[in-house]
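The values are calculated or read from the model by the stated rules, or taken from the named source; none is laboratory data. Nothing here was measured: the structure is a model prediction, and the numbers come from that model. Positions of Cβ are generated from backbone atoms using ideal geometry, with glycine treated the same way; all protein chains shown enter the neighbour counts.
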Amino acid sequence: MLLNPAANLRQSFDFHTSHIPVEPEPVTYPQKPGGTVCDFYMKTGFCKFSERCKFHHPVDRSAPDLTANWELSQQAVSLTLAGLPRREDAEVCAFYMKTGACRFGMHCRFDHPPPQEAISKVSMQGAEKRGE
């Protein structure tokens, strides 16, 4: 005696063979060489405006487009061993000084001194605040 006919069908149905994978459509961002680069896209790899964005979206986000209007300070910057920029004439990155990491990486506009130099800067600032 069969109580539930759907239960019998469920046992014979193979979900794995009937599953058709659906892949997301690739997102294409506008290419406007020589134009202003989309900062959000450069930092995250995503742009919510997609095809409607008015800025340039380089295919290779790791290397800045030299024809785009990047500042010279961003093109000729030395990097630390951690891959963070050294900009000795700029203000020190506060987040880097607190945590030792920077989410903007090589695109950060602040200075990222090596650990020994960062420790000495913090201790010097503490001494100045105490009036020593």
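Structure data summary
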| item | result |
| --- | --- |
| Which numbered condition Arg61 misses (of (1) among the basic types (Lys, Arg); (2) in contact with a Gly (Cβ under 8 Å, 6 or more places away or on another chain); (3) modelled with pLDDT of 85 or more) | (3) |
| Yes/no for Arg86 being charged (D, E, K, R), modelled with pLDDT of 85 or more and surrounded by 14 or more Cβ atoms within 10 Å (Cβ to Cβ) | yes |
| Residue in segment 67-76 that is under 18 Å from the mean Cα position of the chain (by Cα), modelled with pLDDT under 85 and under 28 Å from Val122 (Cβ atoms) present | yes |
| Enumeration of residues in segment 96-108 that are surrounded by 14 or more Cβ atoms within 10 Å (Cβ to Cβ) and at negative phi | Tyr96, Met97, Cys102, Phe104, Met106, His107, Cys108 |
| Filter result for the condition that a residue is exposed (fewer than 10 other Cβ atoms within 10 Å of the Cβ), in the same structural domain as Ser123 (by TED's automatic domain parsing) and at pLDDT below 85, over Leu9, Leu2, Leu81 | Leu81 |
